[in-house]
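Read the figures in this text as sums done on the coordinates, not as results from a lab. Given the structure is predicted, the values throughout are model-derived calculations rather than measurements. Every residue, glycine as well, gets a Cβ built from its backbone with ideal geometry; the counts of neighbours run over all protein chains shown.
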């Protein structure tokens, strides 16, 4: 071995960052770490979409069930117990048809609050997301201005 080669080997041993053989496998490690990061991000995005979808479904079901309950009470609600039973029955019928769980509460003549709980499952992780939403509907009579009955 010549003195120049010996000097070169000594130089590469003392400075491993300049030695091309010391880099073997570093790209594989980087690719493996990035693949895990991409997979975790994908699971969060797709499963997060399932939770958003459940929230939207609960919002729509609560609003529509509240509207159905107010309309079942009639155009001029008097606040009787028969109207209240009709309103609650209409809200529960809508929720059952939509496939969500919930309850309806009469707040006063022509006002109903509906609470809904919707469930959706994450397509990748299989985690079950349960979301609760609430809506209040008030009956307003009139074509242009909408007045309380």
* To do: Using label points projected 7 Å from each Cα along Cα→Cβ, tell me how many nm separate residue 80 and residue 31, to one decimal.
  => 7.8
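Efficiency by 1/(1 + (r/R0)^6): what FRET value for residue 51 and residue 107, r their Cβ-Cβ distance, R0 = 25 Å, to the nearest 0.05?
Details: r = 29 Å, r/R0 = 1.16.
Using R0 = 25 Å, I get an efficiency of 0.30.
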* Take peptides 85-95, 61-71, 123-133 and line them up by average Cβ neighbours within 10 Å, highest first, as a rough protection proxy. => 61-71, 85-95, 123-133
